[in-house]
1. Take segment 39-50 and flag every residue that is within 16 Å of Asp12 (Cβ to Cβ) and part of a strand (DSSP E or B).
2. Being surrounded by 10 or more Cβ atoms within 10 Å (Cβ to Cβ) and over 13 Å from Ala16 (Cα atoms), is that true of even one residue in segment 39-47?
3. Got a sec? Which of Val56, Val33, Val73 is closer than 18 Å to Ser18 by Cβ and among the β-branched types (Val, Ile, Thr)?
4. Can you name every residue in segment 2-29 that is open to solvent by 80 Å² or more (accessible area, probe 1.4 Å) and assigned to a strand (DSSP E or B)?
5. Residues that are open to solvent by less than 60 Å² (accessible area, probe 1.4 Å), without any contact (Cβ under 8 Å) to a residue 12 or more places away in the chain and over 9 Å from the mean Cα position of the chain (by Cα): does segment 30-37 have at least one?
6. Among the residues of segment 56-65, how many are touching a Ser or Thr at 6+ places or on another chain (Cβ under 8 Å), of a type outside the set (Gly, Ala, Ser) and exposed (fewer than 15 other Cβ atoms within 10 Å of the Cβ)?
7. Only one of Glu68, Glu53 is of a type in the set (Asp, Glu), part of a strand (DSSP E or B) and open to solvent by 30 Å² or more (accessible area, probe 1.4 Å). Can you tell me which?
Amino acid sequence: NPYVSKATLDIDLTKATSLSVEMTDELGRVVAVLLPRRNLSTGFYRLELPSLEPGVYLVHCNSSEGTEVRKVVKAAQN
């Protein structure tokens with residue numbers, strides 16, 4: 001973090017859960033849905049972040065266990 005062109009989000013589930021993942025801008029507007037709500041089994045999942053304008057974004061992982069939020073920064077290419 002920050003990333004310029006490509007980035008991924010790695011998720012390692014230790015137990016089955018219902019999960020959705022979305023990205024918002026700093027104002028809270030949804031800019032991308034990386035994973036619509038799904039029931040997932042245990043395992044490793046890799047999601048590619050979309051190509052967005054440079055800026056600061058929040059990735060929200062919403063599961064049946066709660067919500068985790070991470071900040072990502074998309075940098076401009078030089």
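The values are calculated or read from the model by the stated rules, or taken from the named source; none is laboratory data. All values reported here derive from a predicted model rather than from experimental measurement. So basically every Cβ, Gly included, is an ideal-geometry build from the backbone, and we count neighbours across all protein chains shown. Heads up: the accessible areas ignore ligands, DNA and RNA and are worked out on the full protein's heavy atoms, side chains in. Shrake-Rupley method; radii C 1.70, N 1.55, O 1.52, S 1.80 Å.
1. Filtering segment 39-50 down to residues within 16 Å of Asp12 (Cβ to Cβ) leaves 40-47.
The answer is Leu40, Gly43, Phe44, Tyr45, Arg46, Leu47.
2. yes
3. Numbers: Val56 fails: closer than 18 Å to Ser18 by Cβ; Val73 fails: closer than 18 Å to Ser18 by Cβ.
Only one candidate qualifies: Val33.
4. Within segment 2-29, Asp12 is the sole residue that qualifies.
5. no
6. Qualifying residue count for the region: 1.
7. Numbers: Glu53 fails: part of a strand (DSSP E or B).
Result: Glu68 is the single residue among Glu68, Glu53 that is of a type in the set (Asp, Glu), part of a strand (DSSP E or B) and open to solvent by 30 Å² or more (accessible area, probe 1.4 Å).
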